[in-house]
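To start, the structure under review is shown below, and the notes come after it.
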(Lines give C-alpha, C1' and ligand atoms only; values in the text may rest on other atoms or scores of the structure.)
Protein backbone atom coordinates (compact mmCIF):
# COMPACT_ATOMS: atom_id res chain seq x y z
CA UNK A 1 0.00 0.00 0.00
CA UNK A 2 1.30 3.43 -0.90
CA UNK A 3 1.82 5.95 1.89
CA UNK A 4 -0.98 8.51 2.05
CA UNK A 5 -0.87 11.77 4.00
CA UNK A 6 -4.07 13.76 4.50
CA UNK A 7 -4.95 16.73 6.66
CA UNK A 8 -7.44 16.07 9.45
CA UNK A 9 -9.89 18.89 10.19
CA UNK A 10 -9.10 22.59 10.03
CA UNK A 11 -7.24 23.30 13.28
CA UNK A 12 -4.19 25.53 12.88
CA UNK A 13 -1.69 25.42 15.74
CA UNK A 14 1.18 27.77 16.31
CA UNK A 15 3.28 24.89 17.63
CA UNK A 16 1.39 21.62 17.35
CA UNK A 17 2.96 19.00 19.61
CA UNK A 18 2.63 15.82 21.64
CA UNK A 19 -0.07 13.83 19.82
CA UNK A 20 -1.08 10.83 21.92
CA UNK A 21 -3.72 8.20 21.33
CA UNK A 22 -6.04 7.31 24.22
CA UNK A 23 -6.95 3.69 23.48
CA UNK A 24 -9.55 3.56 26.26
CA UNK A 25 -11.53 6.49 24.83
CA UNK A 26 -10.53 5.90 21.18
CA UNK A 27 -9.53 9.56 21.05
CA UNK A 28 -6.56 11.57 19.88
CA UNK A 29 -5.17 14.28 22.15
CA UNK A 30 -2.62 16.91 21.14
CA UNK A 31 -1.56 20.43 22.10
CA UNK A 32 -0.67 23.82 20.74
CA UNK A 33 2.33 24.29 23.02
CA UNK A 34 2.47 28.08 22.74
CA UNK A 35 -1.21 28.93 23.19
CA UNK A 36 -1.87 26.23 25.79
CA UNK A 37 -4.67 24.74 23.71
CA UNK A 38 -5.40 21.08 24.40
CA UNK A 39 -7.30 19.33 21.64
CA UNK A 40 -9.27 16.08 21.98
CA UNK A 41 -10.63 14.40 18.86
CA UNK A 42 -12.81 11.34 18.64
CA UNK A 43 -12.60 10.61 14.91
CA UNK A 44 -16.28 9.71 14.59
CA UNK A 45 -17.27 13.03 16.20
CA UNK A 46 -15.82 15.15 13.41
CA UNK A 47 -14.82 18.29 15.33
CA UNK A 48 -12.33 18.27 18.23
CA UNK A 49 -13.04 19.52 21.74
CA UNK A 50 -10.97 22.52 22.79
CA UNK A 51 -9.54 22.89 26.29
CA UNK A 52 -7.09 25.40 27.74
CA UNK A 53 -4.01 24.80 29.88
CA UNK A 54 -1.53 27.35 31.27
CA UNK A 55 0.91 28.12 28.45
CA UNK A 56 3.47 27.06 27.52
CA UNK A 57 2.76 23.32 27.59
CA UNK A 58 5.59 20.90 26.93
CA UNK A 59 3.75 17.60 26.47
CA UNK A 60 0.86 15.38 27.53
CA UNK A 61 0.13 11.67 27.95
CA UNK A 62 -3.12 9.80 28.59
CA UNK A 63 -4.28 8.84 32.08
CA UNK A 64 -6.81 6.15 32.89
CA UNK A 65 -10.20 7.80 32.70
CA UNK A 66 -11.02 10.97 30.85
CA UNK A 67 -7.77 12.79 31.65
CA UNK A 68 -4.20 13.55 30.65
CA UNK A 69 -1.03 14.22 32.56
CA UNK A 70 0.74 17.38 31.38
CA UNK A 71 4.23 18.82 31.64
CA UNK A 72 3.74 22.57 31.96
CA UNK A 73 6.55 25.15 32.14
CA UNK A 74 8.26 23.66 35.19
CA UNK A 75 5.55 21.53 36.80
CA UNK A 76 3.34 18.50 36.27
CA UNK A 77 -0.46 18.51 36.39
CA UNK A 78 -3.45 16.28 35.69
CA UNK A 79 -6.28 17.65 33.54
CA UNK A 80 -9.76 16.10 33.67
CA UNK A 81 -11.69 16.44 30.41
CA UNK A 82 -15.06 15.93 32.09
CA UNK A 83 -14.73 18.48 34.90
CA UNK A 84 -12.16 20.71 33.12
CA UNK A 85 -10.25 20.73 36.39
CA UNK A 86 -6.46 21.10 36.45
CA UNK A 87 -4.79 19.44 39.46
CA UNK A 88 -1.20 20.33 40.32
CA UNK A 89 0.92 17.23 40.93
CA UNK A 90 4.53 18.29 41.39
CA UNK A 91 7.17 20.85 40.47
CA UNK A 92 10.83 20.69 39.55
CA UNK A 93 13.39 23.02 41.20
CA UNK A 94 14.15 24.90 37.99
CA UNK A 95 12.91 28.45 37.45
CA UNK A 96 14.94 29.81 34.54
CA UNK A 97 13.64 32.12 31.79
CA UNK A 98 15.28 29.98 29.10
CA UNK A 99 14.22 26.57 30.42
CA UNK A 100 10.86 24.83 30.16
CA UNK A 101 9.47 21.34 29.80
CA UNK A 102 9.33 19.90 26.30
CA UNK A 103 8.53 16.38 25.10
CA UNK A 104 7.27 13.55 27.32
CA UNK A 105 5.97 9.98 27.27
CA UNK A 106 4.84 7.29 29.73
CA UNK A 107 6.91 4.20 30.37
CA UNK A 108 5.39 0.69 30.52
CA UNK A 109 5.13 0.93 34.34
CA UNK A 110 2.92 4.04 34.11
CA UNK A 111 5.51 6.68 35.00
CA UNK A 112 5.60 9.91 32.98
CA UNK A 113 9.00 10.94 31.63
CA UNK A 114 9.46 14.52 30.42
CA UNK A 115 12.56 16.42 29.38
CA UNK A 116 13.35 20.11 29.27
CA UNK A 117 14.68 22.48 26.64
CA UNK A 118 17.39 24.98 27.60
CA UNK A 119 17.50 27.50 24.75
CA UNK A 120 20.17 30.14 24.07
CA UNK A 121 22.62 28.29 26.32
CA UNK A 122 26.14 29.73 25.98
CA UNK A 123 28.78 27.29 24.69
CA UNK A 124 30.15 25.24 27.54
CA UNK A 125 27.48 26.36 30.01
CA UNK A 126 25.89 23.58 32.08
CA UNK A 127 22.40 22.37 31.22
CA UNK A 128 19.65 23.56 33.52
CA UNK A 129 16.96 20.92 33.79
CA UNK A 130 17.25 17.60 31.96
CA UNK A 131 15.06 14.50 32.06
CA UNK A 132 12.55 13.90 34.88
CA UNK A 133 10.33 10.96 35.86
CA UNK A 134 6.97 11.54 37.54
CA UNK A 135 5.56 8.61 39.50
CA UNK A 136 1.88 7.95 40.21
CA UNK A 137 2.35 9.11 43.82
CA UNK A 138 3.74 12.45 42.50
CA UNK A 139 7.36 11.76 43.41
CA UNK A 140 9.73 13.23 40.85
CA UNK A 141 13.16 11.82 40.00
CA UNK A 142 15.88 13.64 38.08
CA UNK A 143 17.19 11.04 35.62
CA UNK A 144 19.61 13.06 33.46
CA UNK A 145 21.20 16.50 33.54
CA UNK A 146 23.08 16.45 30.22
CA UNK A 147 20.24 16.72 27.68
CA UNK A 148 19.91 20.32 26.50
CA UNK A 149 16.90 19.98 24.19
CA UNK A 150 14.95 16.81 25.01
CA UNK A 151 12.70 15.34 22.33
CA UNK A 152 11.14 12.07 21.26
CA UNK A 153 11.27 9.88 24.37
CA UNK A 154 9.99 6.40 23.53
CA UNK A 155 10.62 2.78 24.47
CA UNK A 156 11.60 -0.48 22.85
CA UNK A 157 8.78 -3.06 22.72
CA UNK A 158 10.10 -4.84 25.83
CA UNK A 159 10.48 -1.55 27.71
CA UNK A 160 14.14 -2.18 28.45
CA UNK A 161 15.53 0.56 26.20
CA UNK A 162 14.69 4.25 26.42
CA UNK A 163 15.31 6.34 23.33
CA UNK A 164 15.76 10.07 23.87
CA UNK A 165 16.87 12.72 21.40
CA UNK A 166 18.88 15.85 22.02
CA UNK A 167 17.71 17.93 19.07
CA UNK A 168 20.55 20.45 19.31
CA UNK A 169 23.17 17.70 19.18
CA UNK A 170 21.22 15.92 16.40
CA UNK A 171 21.60 12.62 18.22
CA UNK A 172 19.11 9.99 19.38
CA UNK A 173 20.51 8.35 22.50
CA UNK A 174 19.64 4.90 23.84
CA UNK A 175 19.73 3.93 27.52
CA UNK A 176 19.20 0.72 29.45
CA UNK A 177 15.95 1.43 31.28
CA UNK A 178 14.59 0.26 34.63
CA UNK A 179 11.38 1.97 35.82
CA UNK A 180 12.65 1.68 39.40
CA UNK A 181 16.26 2.63 38.83
CA UNK A 182 18.62 5.13 37.21
CA UNK A 183 19.44 5.31 33.52
CA UNK A 184 22.43 3.22 32.47
CA UNK A 185 24.50 2.48 29.38
CA UNK A 186 24.04 5.76 27.49
CA UNK A 187 25.01 5.22 23.86
CA UNK A 188 24.36 6.67 20.42
CA UNK A 189 21.43 5.05 18.63
CA UNK A 190 21.33 7.27 15.53
CA UNK A 191 22.61 10.61 14.27
CA UNK A 192 20.66 12.96 11.96
CA UNK A 193 23.42 15.38 10.90
CA UNK A 194 23.22 14.07 7.32
CA UNK A 195 19.68 15.49 7.02
CA UNK A 196 20.68 18.94 8.31
CA UNK A 197 17.97 18.57 10.95
CA UNK A 198 17.66 17.52 14.55
CA UNK A 199 15.33 14.68 15.55
CA UNK A 200 12.03 15.78 17.07
CA UNK A 201 8.97 13.76 18.12
CA UNK A 202 9.33 9.98 17.92
CA UNK A 203 7.54 6.68 18.42
CA UNK A 204 8.29 2.96 18.11
CA UNK A 205 6.21 0.63 15.93
CA UNK A 206 5.21 -3.01 16.42
CA UNK A 207 8.38 -4.19 14.66
CA UNK A 208 10.57 -2.29 17.11
CA UNK A 209 11.56 0.35 14.57
CA UNK A 210 11.85 3.96 15.70
CA UNK A 211 10.16 6.73 13.71
CA UNK A 212 11.34 10.31 14.21
CA UNK A 213 10.35 13.65 12.72
CA UNK A 214 13.11 15.68 11.03
CA UNK A 215 11.53 19.08 11.51
CA UNK A 216 13.80 21.32 9.46
CA UNK A 217 14.03 18.75 6.65
CA UNK A 218 10.23 18.18 6.48
CA UNK A 219 10.80 14.43 6.55
CA UNK A 220 9.89 11.38 8.57
CA UNK A 221 12.66 8.83 9.20
CA UNK A 222 12.37 5.20 10.27
CA UNK A 223 15.34 3.55 11.97
CA UNK A 224 15.70 -0.21 12.45
CA UNK A 225 16.33 -1.56 15.97
CA UNK A 226 20.07 -1.58 15.24
CA UNK A 227 19.99 2.14 14.40
CA UNK A 228 20.27 1.73 10.64
CA UNK A 229 18.15 4.02 8.46
CA UNK A 230 15.24 2.04 7.01
CA UNK A 231 13.32 4.69 5.06
CA UNK A 232 12.58 8.38 4.60
CA UNK A 233 9.20 9.94 3.82
CA UNK A 234 8.84 13.48 2.50
CA UNK A 235 6.13 15.49 4.24
CA UNK A 236 3.83 18.16 2.74
CA UNK A 237 4.16 20.81 5.46
CA UNK A 238 7.00 23.22 6.19
CA UNK A 239 7.79 22.11 9.73
CA UNK A 240 6.43 18.82 11.11
CA UNK A 241 6.90 18.26 14.84
CA UNK A 242 5.64 15.08 16.50
CA UNK A 243 3.92 11.76 15.86
CA UNK A 244 1.96 8.91 17.39
CA UNK A 245 0.13 5.85 16.16
CA UNK A 246 -3.63 5.71 16.61
CA UNK A 247 -6.91 4.35 15.38
CA UNK A 248 -8.70 1.11 16.31
CA UNK A 249 -5.85 -1.06 14.98
CA UNK A 250 -3.07 1.49 15.53
CA UNK A 251 -2.45 1.45 11.79
CA UNK A 252 -2.58 5.23 11.31
CA UNK A 253 0.05 7.73 12.33
CA UNK A 254 -0.95 11.21 13.46
CA UNK A 255 1.40 14.13 12.87
CA UNK A 256 1.41 17.69 14.22
CA UNK A 257 3.07 20.74 12.70
CA UNK A 258 4.10 24.40 13.10
CA UNK A 259 2.52 27.49 11.62
CA UNK A 260 4.56 29.99 13.64
CA UNK A 261 6.73 29.14 16.63
CA UNK A 262 9.35 31.25 18.39
CA UNK A 263 11.93 30.34 15.74
CA UNK A 264 10.15 28.88 12.73
CA UNK A 265 7.37 30.18 10.49
CA UNK A 266 5.65 28.16 7.79
CA UNK A 267 4.41 29.57 4.52
CA UNK A 268 2.05 26.82 3.35
CA UNK A 269 -1.72 26.90 3.84
CA UNK A 270 -1.70 23.57 5.68
CA UNK A 271 1.09 24.52 8.12
CA UNK A 272 -0.02 24.15 11.73
CA UNK A 273 -2.48 21.41 10.78
CA UNK A 274 -2.98 17.88 12.06
CA UNK A 275 -2.29 15.09 9.56
CA UNK A 276 -3.00 11.36 9.29
CA UNK A 277 -0.52 9.03 7.58
CA UNK A 278 -1.61 5.60 6.36
CA UNK A 279 0.06 2.82 4.40
CA UNK A 280 3.03 2.42 6.73
CA UNK A 281 4.89 -0.92 6.91
CA UNK A 282 3.80 -1.78 10.47
CA UNK A 283 1.21 -0.64 13.00
CA UNK A 284 2.06 1.01 16.26
CA UNK A 285 1.87 -0.34 19.79
CA UNK A 286 -0.66 0.33 22.52
CA UNK A 287 0.29 3.57 24.29
CA UNK A 288 1.19 3.54 27.96
CA UNK A 289 -1.03 5.45 30.41
CA UNK A 290 0.06 7.43 33.43
CA UNK A 291 -0.57 5.57 36.70
CA UNK A 292 -3.02 8.30 37.66
CA UNK A 293 -5.52 8.49 40.49
CA UNK A 294 -5.61 10.99 43.33
CA UNK A 295 -2.10 11.96 44.34
CA UNK A 296 -0.46 14.27 46.82
CA UNK A 297 1.52 17.32 45.73
CA UNK A 298 5.28 16.94 45.76
CA UNK A 299 8.53 18.39 44.42
CA UNK A 300 11.56 16.94 42.71
CA UNK A 301 14.02 14.91 44.73
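The values are calculated or read from the model by the stated rules, or taken from the named source; none is laboratory data. This one's a predicted model, so the numbers in the text were calculated from it and none came from an experiment. Backbone-built Cβ (ideal geometry, glycine too); neighbour counts: all protein chains shown.
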Residue 210 vs. criteria more than 22 Å from residue 175 (Cβ to Cβ) and in contact with a strand residue (DSSP E or B) (Cβ under 6 Å, 6 or more places away or on another chain): no
Number of positions in segment 195-232 that are surrounded by 17 or more Cβ atoms within 10 Å (Cβ to Cβ), touching a residue at least 60 places away in the same chain (Cβ under 8 Å) and under 16 Å from residue 281 (Cβ atoms): 5
Scope segment 138-157; condition under 21 Å from residue 291 (Cβ atoms) and in a loop (DSSP other than H, G, I, E, B); matching residues: 138, 139, 156, 157
Condition met for residue 225 (within 19 Å of the chain's Cα centre (by Cα) and at pLDDT 95 or above): no
Subset of segment 252-280 that is under 17 Å from the mean Cα position of the chain (by Cα) and in a loop (DSSP other than H, G, I, E, B) - its residue that is surrounded by the fewest Cβ atoms within 10 Å (Cβ to Cβ): 261
Residue count for segment 99-110, restricted to those that are touching a residue at least 60 places away in the same chain (Cβ under 8 Å) and either assigned to a strand (DSSP E or B) or buried (at least 22 other Cβ atoms within 10 Å of the Cβ) (or both): 4
Search result, residues across segment 120-137 that are within 20 Å of the chain's Cα centre (by Cα) and in contact (Cβ under 8 Å) with a residue 60 or more places away in the chain: 132, 134, 135, 136
Residue tally, condition assigned to a loop (DSSP other than H, G, I, E, B) and crowded, with 17+ Cβ neighbours inside 10 Å, over segment 122-137: 5
So residue 178, is it surrounded by fewer than 16 Cβ atoms within 10 Å (Cβ to Cβ), modelled with pLDDT of 95 or more and at positive phi: no
Some residue of segment 125-132 being at pLDDT 95 or above and closer than 14 Å to residue 56 by Cα: no
Given (1) surrounded by fewer than 20 Cβ atoms within 10 Å (Cβ to Cβ); (2) in contact (Cβ under 8 Å) with a residue 40 or more places away in the chain; (3) over 23 Å from residue 55 (Cβ atoms), index of the condition residue 249 fails: (2)
Residue, nearest to residue 217 (Cα to Cα), within segment 281-297, restricted to residues that are buried (at least 17 other Cβ atoms within 10 Å of the Cβ) and either touching a strand residue (DSSP E or B) at 6+ places or on another chain (Cβ under 6 Å) or modelled with pLDDT under 90 (or both): 284
Restricting segment 45-58 to residues that are modelled with pLDDT of 95 or more and within 19 Å of residue 26 (Cα to Cα), the residue that is surrounded by the fewest Cβ atoms within 10 Å (Cβ to Cβ): 50
